[in-house]
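For reference, the structure is listed below as structure tokens.
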Amino acid sequence: MLSRIALRSVAARQSTPTALIARTSASSTEVSGVRDEVNFPRPVRGEPGKVRLGFIPEEWFQFFHSKTGVTGPYTFGVGLATYLFSKEIYVMEHEYYTGLSIFIMVYYASTRFGPKLAEFLDKEVDNVENSWNAGRVNTIKSLEDAIASEKEAQWRAQGQELLIEAKKENVLLQLEAAYRERMMNAYQEVKRRLDYQLEKTILERRIAQKNMVDWIVANVTKAITPDQEKQALDRCIADLAALAKK
Amino acid sequence: MAIGDYPKEYNPAVHGPYDPARYYGKPDTPFGQLKLNEIGSWFARRNKTPSAFMGACSRAWWRWQHKYVQPKRVGIAPFFQLLVGSMTFFYIINYGKIKHHRNYKYH
């Protein structure tokens, strides 16, 4: 586990933050030459450096690791403190005990209220950053909205094309329907006229036939003489008599 | 170079935005990578004028600022560092008075 910590801190050390200050160049200095981006990259704001025990830089522990292992720096610290105490280089006078009590208070306060305070301050940092970014974010969002609405308008225009196509088709269908209706109309008119002609011809033939029959019958009855009538009656009586005998 | 000016070596056209934590002169071997017998010559090469010393202090201050104070989400570490540093400093400058409070004669 400790080796993992060591790896992590090595990785963190490789991305040590450089700087964040950007200032405009002074006019007094000579301005000439080509910008060297490789050796002098633009400074970026980094992550805070790692510390242990609240304030000791992680690099101090890393410095010990290759020589003494992971417990080395702690052993050194304890040994140094023991040396300073035992030789009274660090004198334990009254202020030392004041310091101890203050340390206990600070430790309690930082462990008890530190996380909450950190949460609150992080939120404040986010708020400030968001408020600084708000204008840009809003502009980007409005532009994106404009793009989206433009795309939608294009989509709708394509829909309009479809609609117009459908309308054209509809008009063609109506034309076809009108054409067929007129065709039907013409057919029916022709049929009506032909039917009229047919009926007229039939009627004429019937009338002519009737007149002819009437004329023939009249002429035949007119042509029968009383002689003939009598002969016919006689003949009929004779036939009846012949029938009656049978 | 007057007070408040940029270092002489700083050229905005080449170096871009000014980084107060950075030394813009010709870089020497870092102190941590020296061999023991090179330390003397390394110190001999140093510029020991007051302004250079002030520049070194200023760069150290800004390095500390950039690393522990200026990042977006810092903890309480820089305050504790400042506290411990000032405690040590004041202990040292007051050592002449404090040593009279020793409890033992022989160590």
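For the subset of segment B:9-52 comprising residues that are basic (Lys, Arg) and either at pLDDT below 85 or outside any loop (DSSP other than H, G, I, E, B) (or both), which member is most open to solvent (accessible area, probe 1.4 Å)? Ranking the candidates gives B:Lys26 first.
Scanning segment B:20-42 for any residue that is farther than 30 Å from A:Lys87 by Cβ, free of Cβ contacts under 8 Å to residues at least 12 places away in the same chain and within 9 Å of chain A (Cβ to nearest Cβ) turns up nothing. Just one of the listed residues (A:Thr111, A:Thr139, A:Thr75) is open to solvent by 70 Å² or more (accessible area, probe 1.4 Å) and within 14 Å of chain B (Cβ to nearest Cβ), and it is A:Thr111. Can you tell me which residue among A:Pro43, A:Pro57 is within 45 Å of the chain's Cα centre (by Cα) and at pLDDT 85 or above? From the options A:Pro43, A:Pro57, the qualifying one is A:Pro43. Within segment A:45-61, the set of residues being assigned to a loop (DSSP other than H, G, I, E, B), surrounded by 15 or more Cβ atoms within 10 Å (Cβ to Cβ) and in contact with a Ser or Thr (Cβ under 8 Å, 6 or more places away or on another chain) comprises A:Gly46, A:Gly49, A:Lys50, A:Gly54. Each residue in segment B:92-107 was checked for being more than 8 Å from chain A (Cβ to nearest Cβ) and in a helix (DSSP H, G or I), and 6 of them qualify. For segment A:171-209, the set of residues classified as of a type in the set (Lys, Arg) and open to solvent by 90 Å² or more (accessible area, probe 1.4 Å) consists of A:Arg180, A:Arg182, A:Lys191, A:Arg192, A:Arg193, A:Arg205, A:Arg206, listed by residue number.
The set of residues from segment A:78-96 being assigned to a helix (DSSP H, G or I), within 12 Å of chain B (Cβ to nearest Cβ) and not aliphatic (A, V, I, L, M) comprises A:Tyr83, A:Phe85, A:Ser86, A:His94, A:Glu95, A:Tyr96.
The values are calculated or read from the model by the stated rules, or taken from the named source; none is laboratory data. These figures come from a predicted structure and were not determined experimentally. With ideal geometry, Cβ positions are generated from the backbone for all residues, glycine too; neighbour counts draw on all protein chains shown. Quick note on the areas: whole protein, heavy atoms, side chains included, nothing else; ligands and nucleic acids left out. Shrake-Rupley method; radii C 1.70, N 1.55, O 1.52, S 1.80 Å.
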